[in-house]
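S.K.: For reference, the structure I am asking about is given below.
The values are calculated or read from the model by the stated rules, or taken from the named source; none is laboratory data. Keep in mind it's a predicted model, so treat the numbers as computed, not measured. Using ideal geometry, Cβ is built from the backbone for each residue, glycine included, and neighbour counts are taken over all protein chains shown.
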Amino acid sequence: MTAPAALSSIADVVTAVTADARLAAWMLRRSGDGWIELEVARQSARGKGPIIAVLAWPEVWRDPRRLAPHLIRARSGNYGLCVVGADADFAAGEVEQLADDGDVAAIALPTSIARLALALRARAEAQTLRMAAAALELELEQARHENQLLIAIGRALSQQRDTISLLEIILRRAREVTGADAGSVYIVQGLDEEPEQRAVRFMVSQNDSRQVESKGFTMPVSATSIVGSCVLSADVINIADLYALGEPGSSNNPWGFVHDRSFDDRYAYQTRSMLTVPMISARAQVIGVIQLINKRAKAFVALDEPGDFDAGVVAFDEVSVNYAAALASQAGIALENALLYDEVKTLFDGFVRASVTAIESRDPTTSGHSERVAELTVGLAKAADRADSGRFAPAAFSPDDLIQLEYAALLHDFGKVGVREHVLTKAKKLYEHQREIIEQRFAYIRRGFEVEGLARKVDYLLDKTRDQVAQELEAIDRGLGERVGELDEFLKFVLTANEPTVLDQGGFERIADIATRRFLAPDGTEQPYLCPDEAHALQILRGSLTEGERDEMNSHVVHTFNFLKQIPWGRTFRRVPEIAGAHHEKLNGSGYPNGLSGDEIPLPARMMTISDIYDALTAKDRPYKKAIPLEKALDILASEVKRGLLDADLFDLFVGARVYLLTSPEPSRRRRWSTSQLLVR
C-alpha cells in the first residue's frame, strides 16, 4: 500500500506511518475517534522514556470533553499534542488558547509526508529537550533538598551537646541520607598521639530490621578490624558484600578482613554491604567512626526474610559515599565540640567538688552538708517541675537549670573560707583556750583561799592557847569550805553556761555577778573572776557566737557572692552567684545580706533556704547541737512559714513530695507527713 502524496485524513496519516520510510522513526501506538497516538520507534540518546505524539483532528480538539484527557497528558514531559486541521479550522483562535493550557503544536492539512515528518521530528526534539530540562530540574531540586538536609543536619548537630544524643542523631541522619538499614558509631579514646596506642569504644547502634541489645565495649585500634583500619587510614572503606569477601589479600579483599558472623548468627541477620566513614576533628585526627550496614534497595523498608538480603541489599553507591563523607565531616566537628564540652564540664564539675572539699576541710564537722543541701534543693526543683497544677504548674527546670541549681547549692557556703577558723569551728560560747584559762584561774583562786586559810591558822597557833586554837581552826576550815564551795558552784555554772543552749532566766545576771568578784593576782593587783570578753561570751542567749562573731559568720554569704562573681560562668550558669548569695534571705526582708523580700528573692534561692535549714536541723555531725528528729525539724520549718520567713507553697511541696526523705538514712521508716499536720493557713 502506497501513501498518498498529500495527507489530509487520519487514514492517510496511518498509511504513511505504516508504509513510508520517511516516517520510519514513528510507529502507530493506538488510535481513536478523531485522534491517533504515535511513538518514536528509536529513542533519542537524550531521552528518558518513550516520546509520544498525539494527532487530534477538529472533532476532538473542538470538544472540551473529548480533548480533556489529551490536554492533561500533554502537560507531562513525554507527551506532545498536535492539533490537526485545515487553515480555516485555525482561524477562530482556538489553537492559541489551547497552547496557553499546555504544550500544543498545530499541523495544517493537507500536508506532505516530508512536512509531517519534519513537524513530528521537531515535536519529538522539543519533547526530548523538555524531558531533559525536567530531569535537570528534578536533579537540581533533589540536590537543593539534600543540601538543605545537610544544612539542617549540621544545625541539629551544632545544637546538641550531650554526646550520646549527638551520636544517635549522627547515626540516624547518616542512615537517612544513605538508605542504610543499620549502623553503629564508635569513638576513639585515649590521649596518645599514636593511633595504635588508643582504643575504639562502641557507643550506639541502630537497626530497622532487628531488635538489637546495644552493649558498649572497647577494642584496640588495629588494622585487623574494619573500624580500626578506618581509624588508621582516615579513609572511607566501602565493601560491596562482606559475604563475598575472598581470602585476605585477594583482589576483592585488599584490606585482609575476616568477617565475623557471630552477630549475624545470633540475630538471623546478614551484614552484606558496609560503608565505614571516619569522623575527623579540626585537628585532623580521627575521633570517631560511622559504620553503615546494608543499603536497602528501592521498595525495601526492612529486611525480614533471608531472601531479602539477596534482593533488598545493594552496595553503597558514590552518591551515598559522598553524602556520608559530607555528614561525617560535619559530625566530626560536632563530636569534637561535644567531647570538648564534656571535658570542660567534667573539669568544671571537678573544680566545684574540690571547692566543696576545701570548705569542709576547714570545718570537718559539717562534712556532707553542701552535698545534702544540693540533693534536697535539686529534688525540690524536680518536684516543682513535675507539678501539673497550682502555683508551680508553669515552672520548668531544664537539665542546665538543675545543674546551675546544684552548683549554687554545692557552693552556697564557700564564703566560709573568708571566716576565721576559730569562729567557724566554735562549738561553745567560750573558745577552748578561754575555758582553760578560766579553769586555771579558778584553781588559782581556790589555792589562794587555801593559802589564806593556812596563814590564819599559823597566826592563831602562834598567839592563842590550845583550846582557842582548836575552835578557831574549825571556824577557819568552815569558812574556807564555804568559800571553796561557792567558787566551785561559780565554775560549775560557768561551764554549764558555756554550752550553746538557751541561757536560763537569771543566768545573765548571775554571770554578771560572778564577773564582779575579785581576787588578788600574783602581781598584787585585783582581777575579776571573769574577764569582760569571757563574761560577754557566756551571756550569749542562744547558740555559741557573740554578735560580732555572728556578723562575721553571716558575712560568708557576701564572701560567697564575691567569690562566685569572679568565675566566668557563661550564659548557662550565670545565675549561680545570685542564687547562692541569697540563700539566707527571708520573705519578710529580715534575712541577710541584702534584706531582700518576696519575689526579690529568686525562686531557686528560696528552695535552697528550706533545704539548708532542714539539713542544719537534722544533721548529726554538729558538736554544738544534737540532731533534731525529722518530725521536729518539719515543725520548726512550719513555724518559720507561719512567721512569714519561708515560702509556704515551697514548704507544702517539700513535704507533699517527701523531698525531705532524699537525705534520710532510713526513709522507709519515716511516716508520710502532710502539710495539713504542720501548717495553719
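S.K.: Is there a residue in region 169-190 that is modelled with pLDDT under 80 and in a helix (DSSP H, G or I)?
M.R.: no
S.K.: Here's something else I'd like to know. Could you tell me how many of the residues in region 580-621 are buried (at least 16 other Cβ atoms within 10 Å of the Cβ), in a loop (DSSP other than H, G, I, E, B) and in contact with a helix residue (DSSP H, G or I) (Cβ under 7 Å, 6 or more places away or on another chain)?
M.R.: Within region 580-621, residues that are buried (at least 16 other Cβ atoms within 10 Å of the Cβ), in a loop (DSSP other than H, G, I, E, B) and in contact with a helix residue (DSSP H, G or I) (Cβ under 7 Å, 6 or more places away or on another chain) number 9.
S.K.: List pairs: first residue in region 220-249 and closer than 15 Å to residue 197 by Cα and assigned by TED's automatic domain parsing to the domain that holds residue 312, second residue surrounded by fewer than 16 Cβ atoms within 10 Å (Cβ to Cβ) and among the acidic types (Asp, Glu) anywhere in the structure, Cβ distance under 6 angstrom, at least six positions apart or on different chains.
M.R.: Going by the 6 Å Cβ cut-off, the qualifying pairs are 221/196.
S.K.: Just to be sure before I move on: is residue 504 in a loop (DSSP other than H, G, I, E, B), modelled with pLDDT under 85 and more than 18 Å from residue 438 (Cα to Cα) in the structure I sent?
M.R.: yes
S.K.: Sort through 356, 378, 373 and tell me the only one that's crowded, with 18+ Cβ neighbours inside 10 Å, in contact with an Asp or Glu (Cβ under 6 Å, 6 or more places away or on another chain) and in contact (Cβ under 8 Å) with a residue 40 or more places away in the chain.
M.R.: Exactly one residue qualifies, and that residue is 373.
S.K.: Something else about it: What number of residues within region 513-542 satisfy the criterion of being over 53 Å from the mean Cα position of the chain (by Cα) and not in a loop (DSSP other than H, G, I, E, B)?
M.R.: The qualifying residues number 15.
S.K.: Name the single residue, out of those in region 548-568 being part of a loop (DSSP other than H, G, I, E, B) and buried (at least 16 other Cβ atoms within 10 Å of the Cβ), that is nearest to the chain's Cα centre (by Cα).
M.R.: Filtering first and then ranking leaves 567.
S.K.: Now a separate question. So which residues in region 220-249 are touching a Leu at 6+ places or on another chain (Cβ under 8 Å) and assigned to a strand (DSSP E or B), if there are any at all?
M.R.: Hits for region 220-249 are 237, 238, 239.
S.K.: Please verify whether residue 577 is modelled with pLDDT of 90 or more, part of a helix (DSSP H, G or I), farther than 29 Å from residue 445 by Cβ and in contact with a Phe, Trp or Tyr (Cβ under 6 Å, 6 or more places away or on another chain), treating the condition exactly as stated.
M.R.: Criteria met by residue 577.
S.K.: Among the residues of region 582-595, is there at least one that is closer than 18 Å to residue 401 by Cβ and in the same structural domain as residue 407 (by TED's automatic domain parsing)?
M.R.: Yes; the residues of region 582-595 include at least one that is closer than 18 Å to residue 401 by Cβ and in the same structural domain as residue 407 (by TED's automatic domain parsing).
S.K.: Can you find, within region 261-286, the residue that is surrounded by the fewest Cβ atoms within 10 Å (Cβ to Cβ) among those that are without any contact (Cβ under 8 Å) to a residue 24 or more places away in the chain and part of a helix (DSSP H, G or I)?
M.R.: Selected residue: 262.
S.K.: Hey, another quick one. From the list 328, 334, 302, pick out the single residue that is in the same structural domain as residue 208 (by TED's automatic domain parsing), touching a residue at least 60 places away in the same chain (Cβ under 8 Å) and under 30 Å from residue 402 (Cβ atoms).
M.R.: 334
S.K.: If you check every pair at least six apart or on different chains, which have Cβ atoms under 7 Å apart with a residue in region 535-552 that is over 19 Å from residue 512 (Cβ atoms) first and a residue that is crowded, with 16+ Cβ neighbours inside 10 Å and of a type in the set (Lys, Arg) second?
M.R.: What qualifies is 544/426; 544/428; 544/429; 545/426; 549/426.
S.K.: Here is a list: 231, 221, 258. Which entry is surrounded by fewer than 17 Cβ atoms within 10 Å (Cβ to Cβ) and β-branched (Val, Ile, Thr)?
M.R.: Going through 231, 221, 258 in turn, just one is surrounded by fewer than 17 Cβ atoms within 10 Å (Cβ to Cβ) and β-branched (Val, Ile, Thr): 258.
S.K.: On to the next question. Within region 191-211, can you find the residues that are acidic (Asp, Glu) and modelled with pLDDT of 80 or more?
M.R.: The answer is 208, and nothing else.
S.K.: In addition: For residues that are crowded, with 17+ Cβ neighbours inside 10 Å and modelled with pLDDT under 90, scanning just region 287-311, find the one that is nearest to the chain's Cα centre (by Cα).
M.R.: That would be 287.
S.K.: Same structure, new question: If I ask for residues that are assigned to a loop (DSSP other than H, G, I, E, B), without any contact (Cβ under 8 Å) to a residue 60 or more places away in the chain and not aromatic (Phe, Trp, Tyr), which ones from region 201-219 would you list?
M.R.: Once the filter is applied, which keeps residues that are assigned to a loop (DSSP other than H, G, I, E, B), without any contact (Cβ under 8 Å) to a residue 60 or more places away in the chain and not aromatic (Phe, Trp, Tyr), region 201-219 yields 210, 211, 212, 213, 214, 215, 216.
S.K.: Between 311, 240, which is farther than 30 Å from residue 340 by Cα and in contact with a Ser or Thr (Cβ under 8 Å, 6 or more places away or on another chain)?
M.R.: 240
S.K.: Return the only residue of 350, 368, 312, 307 being at positive phi and out of contact with any helix residue (DSSP H, G or I) (no Cβ under 6 Å at 6 or more places or on another chain).
M.R.: 368
S.K.: Taking the conditions exactly as written (surrounded by 16 or more Cβ atoms within 10 Å (Cβ to Cβ), within 30 Å of residue 419 (Cβ to Cβ) and not assigned by TED's automatic domain parsing to the domain that holds residue 449), does residue 507 satisfy them or not?
M.R.: No.
S.K.: Residues in region 179-200 that are aliphatic (A, V, I, L, M) and free of Cβ contacts under 8 Å to residues at least 40 places away in the same chain: how many?
M.R.: 2
S.K.: Can you name the condition, by its number, that residue 545 falls short on among (1) surrounded by fewer than 20 Cβ atoms within 10 Å (Cβ to Cβ); (2) at pLDDT 85 or above; (3) part of a loop (DSSP other than H, G, I, E, B)?
M.R.: Failed condition: (2).
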